[in-house]
Amino acid sequence: MPDKRDDEKGIVNAWPTKEFFISMLTKDIELTRSIVDLVDNALDGARRLRKNHDYDGLFVKIEANPHHFKITDNCGGIDIDLARDYAFRFGRTSQMKPTAHSVGQFGVGMKRSLFKIGKKFSIRSDAPTSWFLLNVDVDRWKKDDERWEFEFDDYAEDLPEDDDRSLGTTLSVTSLHASVSEAFGDENFQNKLAKEIREAHTQSIEGGLKVSLGGVPLEARPLLLLESKDLKPGFHEMSWGKGKSEVIVKLYAGVGDSKPGEAGWNIFCNGRLVLGSDRTSVTGWSEGSGRLVPQFHPQYNRFRGFAFLDSEDTTALPWNTTKTGVDTDSPHYKSVRIEMIKLMRPVIDFLNRLATERKTEDEDDRVLEATIQKAKVADVESVSVAKAFKAPLIVPTKPPSPEMVRISYLRLHKQVLKAKKKLGVSTSREVGEKTFDYFYKTECEE
Amino acid sequence: MAGSYESINYALRPAKAIERKMLCECFRRLTEFGALESFRYVGFGSTYFSDFALVHRALGIQQMVSIEKDIENRQRFQFNRPYRCIEMKYGHSNTVLSTLNWNIPTIGWFDYDDRLDAGILADVQYVTMSASPVSLFAFTVNAHPYDYSETNPRLPQLTELVGEGKVPNGTAEKDLSGWGTAAVSRRIMTNEIRETLNARNGALPTANQILYKQLFYFRYADGAKMLTVGGLLYERRQANLVAKCDFESLSFVQTNSRANCAPYSIEVPSLTYREIRHLDGQLPRIRRSRLRSPRVPRKDLQRYEALYRHFPHFGELVI
C-alpha cells in the first residue's frame, strides 16, 4: 500500500464495500420473497396510476426458468428522474415524493432482488414522458468501490405524453446464480412461488391486477369467514396519526373451514400480506402463559383472523424491511396486538366448546356444530360483523373424568397367586384393584 | 373443586370484613366521575355475596355481575343472590371476563382463594387491557409463603406458578419468607398492569392514554396471609378529576407503587364488646388526648383507632 500523505494519516476508512452491501442485503431474504418484492414495485406503479385501486387492464407477467428471469408490467413505468435520483439508491432519501399507499418502503427491494437472482440485469422502463434502458454487469460494477453510480445505456426524456409507447417496465436477469437457476427449474419451487405471490397480493389480484407466473394466471386467495344469524365475526377498527400519516386498522376474527394450513392471523399492510396464517406469539397466541390465549392447537384449525393496516405514508406502518412480518417492538403494533387478543379470545372459547361438544353430545344434539354447518362463507370485505365474535353461548356438559392416578408395586409371586385365588380373579392387575377397593371400602368410606 | 365458601363463612373473617368496608369507602370517591349508579360491579360473590350486598346497599350500584366457577351448583348460587340485580356468569374467570361488555366503567374486586398464578395474571392482564376509563380494580390473592424444605425451596414454586418471565430479576429465596411472598406477588401484578398499559397506550393520543394509580396494597391474615393489590385506571386527561377524588386522604390508601413500597396492614385487635363501646366513646380522638381502656395493650389501642370506623360487630342473633 502506498504511503499516505500526512493530511490523510488521521483519517479512518469507513467506506462501505459493494461486496458487503450485496451479501448483507441478499442474505436476509428468501428467493421467493425477493420475487414477491419485485411484484411490489410493479404494484406501486399501479397505485400511482389508479388511485382508486381498480387495476382492471393492468398486468404483471413473471417468467422464471433456469436460464433467465423476467418480470414485465404495464403499470406506468419508472420516470427517468425517479430512476436517476432515487430508484437505484440504497435506501430511500427523505426528499423523495412517496407513492401514496405504496408497498415499497425502504428503497432496497429492487436492488436486493436483482442481486439475489443473478449477475447481469437489464431494465427497460417506459414512463409517460421518458424512457430508459439500463444494463448492469454486477461483477464488473462490484470491482470499483468508489463509484456507486450505474449508467443508462440509452434514454429519452421530455417526450410528448401521447406517443403510442405502451407504458411499463421490463426487468430481466441473466447469468443466474447456480442455486437460483436450480430453484427455478424445480417445480416445487414454482408452486411455492405461485402460492406466495397469490397470498401476498391477493387483494390487488381481487382488484383486477392480472398476475401470471410462466404464463399461468394466479388467482386471488379469497379471505373467507363463516357468517350467519347466530355466527358473526368480531370486528374492531382503530387508527392513529393524522393526515397522510394516519394509519387505519381493521381487525376481523372469526371462524372458517377447518383447514390446518389457513388457521391463524393474516396481517396486511397496504393490501400486501406481510404475515400469513400466523400462530405464534407475534399475533397473540400463547399470551399470558397460555391462559389468556392458548398455544395454537389443531382444535383451533377453524380460527381466522385478518388485520388490515392502511396508510398513505408507508413508513407509518409497523412492518419489517423484508415485508415478511411486523415490527413487534412498535408501540403501535403492540396496541393492535392487544385488540387482536381481545377479538380472538371469544373465538377460542367457542372452539373449545365446540371440541367439548364433539366429545360429549350425540350427533343430533350438537348445536354448535349445527351452527357452523348452517353458516355461509363470506368474503371478509362484505361479511356482516359484530363488535365481539357472536356465537351461541351453549356450554356443553363436561365429560365425566375424575382424576386418575396409577399405582404400581411389587409383591412376592407366591402371595399374589394366593390372593388371586381368594379373590377369584385371573390377573395381577385385578388383585391390585380389588385389594385397594377392599381397603378403601372398609377404612376410607364415610 | 370446592370453593372456600364451604369451609369458612366469609362474613366472619374480621380482616376481610374491614377490607371490604375500606374498599367500599374508596369506591365512593368515584362520584367525581359521575353518579356511582352508572358503574358496574364485578366480583366473585360465592354463596355469601357479602361484597355485593355492601356495594349495592352503600353505593346503589345495580349493574352487578358475579363470576362463579362452580358450575355444578348453579341453583345454590342463584338461590343465595341477595338482590335481583346480581347477574350470575358461570365459568372460569379466564373465559367469563372476555364475554363482558367492557365499555361500562367498572368497579371490580377479584377475591381469589388461590396463590398468584398464570391464570390470575391472565385476568389482571385482561382487565387492564379491556377496562374503560375510569375503572377501579382490586385483586386479592393468597400470599402465604410456599411450603419450604431444603429439597423444595420456594423460588422454583413461585416460578412454576407465575411463569419464568414474570419473577422480578434478583428475587432470591430469602425474599419469599414471611410477608415476602406478598411483596413479590404485588410487584409481579403491578408489572403486569404496567406492561399491558404500555402496549394498550401505543396507538392512543397522549390525552387518552390510560394511567394506573395504585390505591390498594393491603395485607392481612384471618388465617392464611392475604394480599390485595389494585387501583384506578384513568385517562391522562382525567388527572384533574382523579385529584379531586382525594384518595390520598384515606388512611388505608397506598399510592406509592415502587418496588419497595410499604403495605397497609390490617391488624385486628382482640377486644371485648365492652372495650369497643368504651373506646368508641373516646373516638375520634382529640389531639394529644390518649385512648384509655384498662390493661388493653397500647398496640391494640392504636390498631383499633386505625380501624374503628370499619370494625365489624359480630354477635349471636336469635332469629
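The values are calculated or read from the model by the stated rules, or taken from the named source; none is laboratory data. It should be emphasised that the depicted structure is a prediction, and the values quoted were computed from it without experimental measurement. Counting neighbours? That spans all protein chains shown, and the Cβs are built from the backbone with ideal geometry, glycine included.
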Filter pass, residue B:122 being in contact with a Leu (Cβ under 8 Å, 6 or more places away or on another chain), of a type in the set (A, V, I, L, M, F, W, C) and farther than 19 Å from residue B:138 by Cβ: no
Being in a loop (DSSP other than H, G, I, E, B), not assigned by TED's automatic domain parsing to the domain that holds residue B:178 and not aliphatic (A, V, I, L, M) narrows it down to one residue among B:251, B:289, B:257; which is it? B:289
Within the range A:286-303, can you find the residues that are polar (S, T, N, Q), touching a residue at least 40 places away in the same chain (Cβ under 8 Å) and assigned to a loop (DSSP other than H, G, I, E, B)? A:301
List the residue pairs whose Cβ atoms are under 6 Å apart, where the first residue sits in the range B:186-205 and is hydroxyl-bearing (Ser, Thr, Tyr), the second is buried (at least 18 other Cβ atoms within 10 Å of the Cβ) and assigned to a helix (DSSP H, G or I), and the two are 6 or more positions apart or on different chains. B:196/B:125; B:196/B:128; B:196/B:129
Inspect all residues belonging to the range A:394-412 and state whether any of them is within 19 Å of residue A:344 (Cα to Cα) and touching a residue at least 40 places away in the same chain (Cβ under 8 Å). yes
Only residues that are among the acidic types (Asp, Glu), at the interface with another protein chain (Cβ under 9 Å from one of its Cβ atoms) and farther than 18 Å from residue A:346 by Cα: list them for the range B:98-128, please. B:117
When residues of the range B:260-283 are limited to those that are assigned to a helix (DSSP H, G or I) and among the aliphatic types (A, V, I, L, M), the one surrounded by the most Cβ atoms within 10 Å (Cβ to Cβ): B:279
What number of residues in the range B:92-107 are surrounded by fewer than 23 Cβ atoms within 10 Å (Cβ to Cβ) and in contact (Cβ under 8 Å) with a residue 60 or more places away in the chain? 2
Sole exception among (1) in contact with a Gly (Cβ under 9 Å, 6 or more places away or on another chain); (2) within 14 Å of another protein chain (Cβ to nearest Cβ); (3) of a type in the set (Lys, Arg) for residue B:74, by number: (1)
If you go through the range A:283-291 one residue at a time, do you hit one that is more than 28 Å from residue B:117 (Cβ to Cβ) and either surrounded by fewer than 22 Cβ atoms within 10 Å (Cβ to Cβ) or within 11 Å of another protein chain (Cβ to nearest Cβ) (or both)? no
Take the residues in the range A:372-388 that are touching a helix residue (DSSP H, G or I) at 6+ places or on another chain (Cβ under 9 Å) and surrounded by 14 or more Cβ atoms within 10 Å (Cβ to Cβ); name whichever of them is nearest to residue A:254 (Cα to Cα). A:388
Take the residues of the range A:73-111 that are modelled with pLDDT of 80 or more and assigned to a helix (DSSP H, G or I): which is nearest to residue A:43 (Cα to Cα)? A:110
Within the range B:202-216, can one find any residue that is within 11 Å of another protein chain (Cβ to nearest Cβ), in a helix (DSSP H, G or I) and at pLDDT 95 or above? yes
Step by step: first the residues of the range A:243-285, then only those that are in a strand (DSSP E or B) and among the charged types (D, E, K, R), then the one that is nearest to residue B:203 (Cα to Cα). Which residue is that? A:250
If you go through the range A:159-177 one residue at a time, do you hit one that is in contact with a Leu (Cβ under 8 Å, 6 or more places away or on another chain), in the same structural domain as residue A:79 (by TED's automatic domain parsing) and under 22 Å from residue A:36 (Cβ atoms)? yes
Residue list for the range B:5-33, filter: farther than 15 Å from residue B:226 by Cβ and at pLDDT 95 or above: B:21, B:24, B:25, B:26, B:27, B:28, B:29, B:30, B:31, B:32, B:33
Being over 26 Å from residue B:143 (Cβ atoms), modelled with pLDDT of 95 or more, out of contact with any Ser or Thr (no Cβ under 9 Å at 6 or more places or on another chain) and in the same structural domain as residue B:12 (by TED's automatic domain parsing) is the requirement here; does residue B:280 meet it? no
Single residue of the range B:152-201 satisfying the filter (within 10 Å of chain A (Cβ to nearest Cβ) and among the polar types (S, T, N, Q)) that is surrounded by the most Cβ atoms within 10 Å (Cβ to Cβ): B:196
When residue B:296 is evaluated against the numbered criteria (1) over 20 Å from residue B:25 (Cβ atoms); (2) out of contact with any helix residue (DSSP H, G or I) (no Cβ under 8 Å at 6 or more places or on another chain); (3) in contact (Cβ under 8 Å) with a residue 24 or more places away in the chain, which criterion, by number, is the only one it fails? (2)
The number of residues in the range A:218-242 that are of a type in the set (A, V, I, L, M) and part of a loop (DSSP other than H, G, I, E, B) is 4
Residues of the range B:265-286 satisfying the condition of being farther than 23 Å from residue B:23 by Cα and touching a residue at least 40 places away in the same chain (Cβ under 8 Å): B:273
Counting only residues in the range A:319-342 that are crowded, with 24+ Cβ neighbours inside 10 Å and within 17 Å of residue A:200 (Cβ to Cβ), the one nearest to the other protein chains (Cβ to nearest Cβ) is identified as A:326
Looking at this structure, is residue A:309 assigned to a strand (DSSP E or B) and within 14 Å of chain B (Cβ to nearest Cβ)? yes
May I ask you to list the residues in the range A:326-342 that are assigned to a helix (DSSP H, G or I) and touching a residue at least 24 places away in the same chain (Cβ under 8 Å)? A:332, A:335, A:336, A:337, A:339, A:340, A:341, A:342
The conditions are (1) part of a loop (DSSP other than H, G, I, E, B); (2) under 23 Å from the mean Cα position of the chain (by Cα); (3) away from chain B (no Cβ under 14 Å), and residue A:384 fails exactly one of them. Which is it? (2)
Please list, ordered by residue number, the strands (runs of 3 or more DSSP E) wholly in the range B:25-135 having 1 or more residues that are within 20 Å of residue B:215 (Cβ to Cβ). B:40-43, B:106-115
Among the residues of the range A:343-353, are any outside any helix (DSSP H, G or I), within 14 Å of another protein chain (Cβ to nearest Cβ) and touching a residue at least 12 places away in the same chain (Cβ under 8 Å)? no
